[in-house]
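Engineer: Provided herewith is a single structure, encoded as structure tokens, for subsequent inquiry.
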Amino acid sequence: MQKLSNYINGNLSAPQSNSYIDNYNPSTGKVYSLIPDSDAADVNIATAAATAAFPAWSATPAAKRSEILLKIAQLITENLDNLAIAESTDNGKPVWLAKRVDIPRAASNFHFYATAILHHASESHRMEEGFINYTLRQPVGVAGCISPWNLPLYLFSWKIAPALAAGNTVVSKPSEITPMTAYLLSELCIKAGLPPGVLNIVHGYGHKVGAAITSHPDIPLISFTGGTKTGAEIARTAAPMFKKLSLELGGKNPNIIFADCDFEEAIKTTLNSSFSNQGEICLCGSRILIEKPLYEKFRDELVKRTAKMKVGNPTDDSVKLGAIVSEQHMQKVLSYIELAQQEGGKILCGGKRKIVEGFEDGYYIEPTVIEGLPQNCRTNMEEIFGPVVTLQSFETEEEALQLANAIEFGLAGTIWTENVSKAHRVAAQLKSGIIWINCWLVRDLRTPFGGMKSSGVGREGGWEALRFFTEPKNVCVKY
Ligand code: NDP
């Protein structure tokens with residue numbers, strides 16, 4: 001069986017403990033590879049390597065750093081098929097989705113930051129009295145990057161690409177549930193000629209490797225994407241050490257559908273925003289709020305189309321939903337469907353584990369639509385992170401906003417209306433970091449990305465990421 005390695009100081013190496021964790025293929029429920037069960041000892045070695053590599057990497061001209069990162073982008077693109085199959089095997093998502101979204105966007109992350117760094121200018125401020133201030137934006141040092149399992153290579157590269165472009169070195173940990181593409185990336189980094197120690201990838205559990213990274217005194221900056229509870233724990237660890245922190249956390253996003261929307265577009269996109277990647281995208285809209293006059297028509301059409309979505313073998317191109325990432329997560333999602341019924345919700349379609357012929361032990365769930373629940377219930381307040389959406393109706397713009405904002409999260413939201421004024425008015429009042437009007441998941445890498453309230457702290461993306469991964473220093477000169 002394939003044994004993955006850590007990538008430390010330019011080498012592929014076994015963990016110090018020499019013990020390994022089973023890695024499951026969620027589409028079959030079978031173990032198919034082994035992951036290093038690393039711990040603080042490995043993180044210490046990786047951090048020492050990253051610290052030693054920092055002076056040379058940060059002094060490497062941006063154009064040279066850019067060249068190496070572009071090479072990595074190119075190698076990802078050349079290996080698109082392999083990486084997509086690996087991502088699907090590890091995560092359960094359809095191969096076609098990994099080919100169309102995950103892997104191309106991982107390549108784009110490297111490409112974007114490799115070129116952005118060449119244009120990253122800093123400000124200067126002239127004072128009439130005969131002084132000039134200029135800002136140096138210097139890399140911080142060793143960056144700790146921790147990423148989740150839902151979009152494994154995409155979100156891993158989302159952090160390490162800007163960190164490296166800005167001149168930091170990195171100690172990183174992908175989710176232990178989906179380590180494969182990060183491992184394959186380490187092979188590509190070696191091929192691309194990334195100097196030893198610049199990027200270190202330590203595999204293993206969050207409570208061991210993740211905790212060792214966040215508490216390490218030589219890692220002054222942490223970029224984390226994952227659950228809100230883990231984010232809070234990381235913040236508690238990092239705060240007394242005054243680490244720079246970027247937290248991209250959970251969501252419970254509203255889709256606001258006004259009666260004057262383009263019905264076909266709204267239905268088509270809502271189907272996607274509900275069930276893409278098995279609903280395991282932090283940006284998925286899990287609460288669908290529909291204006292009363294349209295409620296029944298929208299509900300009936302959404303349910304009709306949801307019931308037709310094919311769930312099954314992720315290598316089948318006609319499949320819309322693959323497997324849920326792990327047995328544990330499948331059980332969690334199923335328990336929320338159970339809870340929804342206890343809370344008085346009516347299942348309109350789906351609602352059960354799906355047994356797929358030939359993949360009987362795989363972790364599949366039917367896409368599920370629920371109605372009849374008030375906003376103030378656990379099903380509508382807590383993040384489920386699976387193929388489950390609830391429907392609610394509203395009568396006025398104010399009520400739509402009140403329902404949309406009545407949660408602890410504030411990551412994303414969509415607004416569907418043909419009335420331009422209303423769209424902008426509502427967008428301005430939604431307490432979320434990212435709003436889409438008449439579309440969903442359109443991503444421009446130049447834009448700020450992140451959430452409000454319990455959905456996170458700080459922004460990444462575009463200049464925001466380069467600002468986060470650098471420390472501004474003001475220099476004042478008398479002339
Ligand atoms: P987790 O918070 O469980 O894990 C995220 C990462 O943190 C994993 O690598 C995990 O390792 C690690 N980790 C766990 N415990 C610790 C710790 N004590 N210290 C440091 N690191 C730790 O999230 P999931 O992987 O379950 O991902 C799903 C969550 O991510 C959802 O809530 C989703 O909304 C959120 N998310 C947010 C996004 C955003 O941009 N806002 C984007 C995508 C997802 P291990 O796997 O070993 O536990």
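Quick note: the coordinates plus some simple rules give every number you see, no bench work behind them. Predicted, not measured: the structure shown is a model, and the values here were computed from it. Please note: Cβ atoms are built from the backbone with ideal geometry, for glycine as well, and neighbour counts cover all protein chains shown.
Engineer: Could you state the number of Å between the C-alpha centres of segment 334-372 and segment 107-163?
Structural biologist: Between the Cα centre of segment 107-163 and that of segment 334-372, the gap is 42 Å.
Engineer: Calculate one ³J(HN,Hα) per residue across segment 405-420 by plugging θ = phi - 60° into the Karplus curve 6.51 cos²θ - 1.76 cosθ + 1.60, and present them in order as whole Hz with x for glycine and proline.
Structural biologist: Result, ordered by residue: 8, 7, 9, 6, 8, x, 8, 9, x, 10, 10, 10, 6, 8, 8, 4 Hz.
Engineer: Sort the following peptides by mean Cβ neighbour count (other Cβ atoms within 10 Å, averaged over residues), highest first: 185-195, 108-118.
Structural biologist: 108-118, 185-195
Engineer: Mind ordering 169-182, 304-317, 29-42 by average Cβ neighbours within 10 Å, highest first?
Structural biologist: Answer by packing, highest mean first, reads 169-182, 29-42, 304-317.
Engineer: In whole Hz, with x marking every Gly and Pro, tabulate ³J(HN,Hα) for segment 345-361 from phi via Karplus 6.51 cos²θ - 1.76 cosθ + 1.60, θ = phi - 60°.
Structural biologist: So the Karplus estimates, Gly and Pro as x, are x, 10, 7, 8, 7, x, x, 9, 5, 10, 8, 9, 4, x, 9, 4, 8 Hz.
Engineer: Tell me, Kirkwood radius of segment 346-426 from alpha-carbon pair distances, in Å?
Structural biologist: Computed over segment 346-426, the radius equals 15.1 Å.
Engineer: Same structure, new question: How far, in degrees from 0 to 90, does helix 292-307 lean away from the longest principal axis of the Cα atoms of the chain, to the nearest 10?
Structural biologist: Orientation of helix 292-307: about 70 degrees from the principal axis.
Engineer: Of LYS64/LYS93; LYS229/LYS346; LYS3/LYS352, which sit over 32 Å apart, Cα to Cα?
Structural biologist: Check vs 32 Å cut-off fails for LYS64/LYS93; LYS3/LYS352.
Engineer: Additional query: Hull surface divided by four, with the convex hull built on the Cα atoms of the chain: how many nm²?
Structural biologist: 23.8 nm²
Engineer: Mind listing the long-range amide H neighbours of ILE21? Cut-off is under 5 Å, sequence gap 5 or more, other chains count too, H placed in the peptide plane at 1.01 Å from N.
Structural biologist: Correct list: ILE35, ASP37.
Engineer: Still on this structure, please answer the following. What number, in nm² with one decimal, is the all-direction average of the projected area of the convex hull of the alpha-carbon atoms of segment 349-479?
Structural biologist: Here the figure is 13.8 nm², rounded to one decimal.
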